[in-house]
1. Please identify the chymotrypsin sites (Phe, Trp or Tyr not before Pro) of segment 131-165 that satisfy two criteria: DSSP loop assignment and at most 14 other Cβ atoms within 10 Å. Which are they?
2. Taking only Cα atoms, what is the 0 to 90° angle, nearest 10, from helix 142-167's long axis to the longest principal axis of the chain?
3. With Kirkwood's inverse mean 1/r over C-alpha pairs for Rh, give me the Rg to Rh ratio of the chain, two decimals please.
4. Sort out the exposed loop trypsin sites (Lys or Arg not before Pro) in the chain (DSSP loop, at most 10 other Cβ within 10 Å) and tell me the longest stretch that has none.
5. Quick check: residue separation of residue 31 and residue 107 times 0.36 nm, minus the Cα distance between them. What number comes out in nm?
6. May I ask for the distance between the Cα centers of segment 107-183 and segment 14-34, given as a whole number of Å?
7. Using Cα-only point scatterers and the Debye equation, what is log10 of I(q)/I(0) for segment 29-152 at each q in 0.15 Å⁻¹, rounded to two decimals?
8. Give me the net charge for the shell around residue 98: Cβ to Cβ below 14 angstrom, other residues only, Lys and Arg +1, Asp and Glu -1.
Amino acid sequence: MKLKSSLFNIMFYLFVIILLSVELIPFFTIIIGSIKPNDELFDPSKIIPTRIELIRYTDAPGEGMMTKDFFIQLRNSLIISATAALLIIGSATLSSYALARLNFRFSKTFAQLILFSYLFPGAFLIFPLTFLMMQYGLYNNLASVILAETTISSPFAIWLLTGYFTSIPKEIEESALIDGCNRLQVILKVVMPLSIPALIAVFMYTFIRSWNNYLFPLILLNNKDLWTLPIGISCLLGSEIVV
C-alpha cells in the first residue's frame with residue numbers, strides 16, 4: 001500500500017513538473033530573448049545565447065527600456081490596476097452578498113442582467129464613458145481610467161463572488177448575528193475571511209485585466225506623463241516605422 005502511494009506521489013509530482021515546465025517556456029523565451037545579442041535573436045539554433053547583452057536593461061537611447069518614461073508608465077499602470085482591483089473587491093463583495101443572501105424584489109433578474117452586461121465589449125462604452133468623464137472634469141486623469149476599469153470588470157466579479165457566497169452555510173452567519181454582530185460585521189468578520197480564495201481570484205483577474213487594457217488609457221489619457229505601459233510599449237514597437 002505504501003509502495004503504491006509513493007509511486008502515485010512520484011507520478012503526480014512528475015506530471016506537475018512537466019506541466020509547469022511547458023507553461024514556463026514562454027517566460028523562459030522572453031527572458032533569454034532579452035539578453036541575446038541582436039544577431040542571435042531570431043536564430044532558432046541559438047536557444048542559449050553565446051554571449052549576454054544587458055543593454056535592454058539600461059537607458060541606452062533606442063535600445064534600453066529603463067528610461068524615465070518607462071518608470072512613469074510603470075507607476076501609472078500599478079496605480080490604475082491596484083486601485084481598480086481594490087475598488088472592485090469592495091463594491092463586488094457588498095453587491096454579491098446582497099444578491100446571495102438578501103431576498104429582495106427582482107434580485108434574480110438583477111443578477112442575470114449583471115452577467116448579461118458583461119457580454120458587451122468595452123469598445124461599446126468608450127464614447128459614453130468619454131462623454132461622462134468630460135462632463136465631470138475627469139478626462140485626462142488617472143481616475144477616469146480607474147472608474148472605467150471598475151465599471152467593465154465589476155459584473156464578472158459580482159457573478160463570481162455571488163456563487164461563492166451562496167456556497168457558504170447560512171448557519172455560520174446566523175450564529176454571528178445571534179452573537180450580536182450586525183450585517184456589515186458578518187460580512188467583514190465571517191464571510192470575507194471564508195472567501196479569501198475567491199477574493200484573491202477576483203483581485204488577480206481584475207488587476208491583470210486593468211494592467212493589459214490598452215483602449216481606455218489610449219482614449220481617456222492625452223498627457224504622455226499619464227500613459228500606461230501598454231501604450232508605451234506600443235509606441236516603442238512602432239517608433240521606427242515610417243508612414
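1. Numbers: sites: 131, 136, 139, 156, 159, 164, 165; in loops: 136, 139.
Passing sites in segment 131-165 are 136.
2. Once rounded, the angle reads 50 degrees.
3. Working: Rg = 23.9 Å, Rh = 22.0 Å.
Rg/Rh: 1.09.
4. Numbers: sites that count: 51, 105.
Between exposed loop sites, the widest span is 106-243.
5. Here the segment from residue 31 to residue 107 would lengthen by 22.5 nm.
6. 35 Å
7. Once normalised to I(0) and log-transformed, intensities are -0.88.
8. Details: positive: 101, 105, 108, 183; negative: 173.
Neighbour charge sum, excluding residue 98 itself: +3.
Where a number appears in this text, it was derived from the coordinates with a stated rule and is not lab data. If you're wondering where the values come from, they're calculated on a predicted model, not measured in any experiment. Cβ coordinates were reconstructed from backbone atoms using ideal geometry, including for glycine residues, and neighbour counts include every protein chain displayed.
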